[in-house]
Amino acid sequence: MKPVVLIVDDEPAARFGMKRALEREGYTILEAESLARADQAVENHTPSVVLLDVRLASESGLDYLPGLVSKEHPPLVIIVTAHGSERTAVQAIKLGAYDYLSKPFDVDELRILVKNAIETHSLRAENAKLRRELTATGTFGQLIGSSSAMASVYSLIEKVAPSDVNVLLMGESGTGKEMVAREIHSRSRNPSGPFVSVNCAAMPGELIESELFGHEKGAFTGAAGRRVGKFEAANGGTLFLDEIGDMSLSTQAKVLRAIEEKTFQRLGSNETLSTDARIVSATNKPLEIEVEAARFREDLYYRLCVVRVSLPPLRERKSDIPALAHAFCSRFSLAYKNKPMKMSNDVLKVLLEYNWPGNARQLRNCIERAVVLTDNEEIKIEALPEEILPDQRRGSTSAKPSEGITVSQALDFRSAKREFERQYIEYSLEQAGGNVTRAAAALGMHRQSLQHKLKELGLSKRFVLDD
């Protein structure tokens, strides 16, 4: 089948010139004098390449471009501009255009440009087919799941990744927003560029601006030297702004200006720096409500949310739980036990029945805990945390530590608390056979925290502190 090329231009002479130059190359040439006619041609003939003029009478090719490149089977778009309109051309490429051609154009340049675009389109089609096959196996890059909810997410990633438009990821905590951001980056036009992540909720307002924009030595108390900010570090790549909904209004104003103008200044400096980082942001808050409540800037919201990707909670894609659980089990069994492990059917049944308010992150932590607490090759219900068990199973997997703990009422509060901690931890270590790592997992503590507590309570000599 011959490749189809669509020429969209309101000038008959321009269409004729391009058609004549390309027909001898063996392409099927279609013409459209308006965007409405272009829509019809795209829907009916699925062209490989579209030559799109920037100005068509009262219509704008730039306004039409984002919708065109977001179609299910998008063509590659070559923007046709007037001579000297390089700024417009650069803007078009950021919106998803493949390349641009300036009028008046050289015929050989036109032919080479279209030839390269058709070859690229063919290669992308082959890659898309391969990725669809991978999706059918339950994976999409580092993402796991073959449910219809995740298939919709994969489709959006596929469409938006090659462009430079800003993306807003919406979803509950633990749904994998950073993993999706990394997948978008890995499929972008510059996957070798930096991926820089910053958690906007993890630091106080006075520090977040230094983190984002950097600072000079002496910019504020404690600024001992120059610091490169995240906007600068992400130049040429992707800047991931996690928990963007927790950013203060004053910082939002500065972030908006940096995104709009592609420039910023380090704190304590008058030098203006530029960045072309692609912005992917994420939040678990409904930003539309935050905007209405005047807690989030409306103009920044629209800048960030050019394309919105909503990630489903795990309870809405339970068919993905077995694949996720097996993947986590494989990862942690090799990491902690250096041997493959499996889960019993009863364990899988419990995992499928639970609603997972903490989503995939909670499931991952649950499997990690179970692997650590299991000595043989099969994980059983006894290794699961009690809070995920059905009501009828709770308390039946092991004796409760509180049954053997007694604290004298004659003790003051501080002494009674210390005695309870000593007995409770001592019991947990006995149940774990003296293994500090297993006991820490059962107690929901970090191993280092438990080791510190053992020294504090005078139990370190009785139980060996594993390194």
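The values are calculated or read from the model by the stated rules, or taken from the named source; none is laboratory data. Everything numeric in this text was worked out from a predicted model, so none of it was measured. Positions of Cβ are backbone-derived with ideal geometry, glycine not excepted, and every protein chain shown enters the neighbour counts. Only protein heavy atoms, including side chains, enter the accessible area calculation; ligands, DNA and RNA are left aside. Shrake-Rupley method; radii C 1.70, N 1.55, O 1.52, S 1.80 Å.
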Take LYS19 and ASP39, extend 7 Å from each Cα along the Cα→Cβ direction, and tell me the distance between the two endpoints in nm.
2.3
With 22 Å as the cut-off, how large is the P(r) tail for the stretch 274-391, expressed as percent of Cα-Cα pairs?
49
Can you compute the FRET efficiency between ASN338 and SER460 using 1/(1 + (r/R0)^6), with r the Cβ-Cβ distance and R0 = 41 Å? Round to the nearest 0.05.
0.90
Extending each Cα 7 Å along its Cβ direction at GLU261 and TYR302, get the distance between those two points in nm, one decimal.
2.0
Along the three principal axes, how long is the stretch 64-187 when you take its alpha carbons, biggest first, rounded to the nearest angstrom?
52, 28, 21
Take every Cα pair under 8 Å in the chain that's 6+ residues apart, average their separations, divide by the length, and report that relative contact order as a whole percent.
10
Along the Cα→Cβ direction, 7 angstrom out, place labels at SER274 and ILE112. What is the inter-label distance in nm?
2.5
Using the Cα centre as the reference, give the magnitude of the dipole from point charges on the C-beta atoms of the chain (Lys, Arg: +1; Asp, Glu: -1; all else neutral), rounded to the nearest 20 debye.
1240
For the stretch 256-320, the accessible surface attributable to carbon and sulfur atoms (probe 1.4 angstrom, ligands and nucleic acids excluded) amounts in percent to 43
If every Lys and Arg gets +1 and every Asp and Glu gets -1 at its Cβ, then about the Cα centre the stretch 142-186 yields a dipole, in debye to the nearest 20, of 40
As a test of the formula, what do you get for the chain when each DSSP H run with n ≥ 4 contributes -39,500 (n - 2.57) and the sum is divided by the residue count, at 222 nm and rounded to the nearest 500 deg cm²/dmol?
-14000 deg cm²/dmol
Result for the chain: accessible area per residue, probe 1.4 angstrom, in square angstrom, of 52
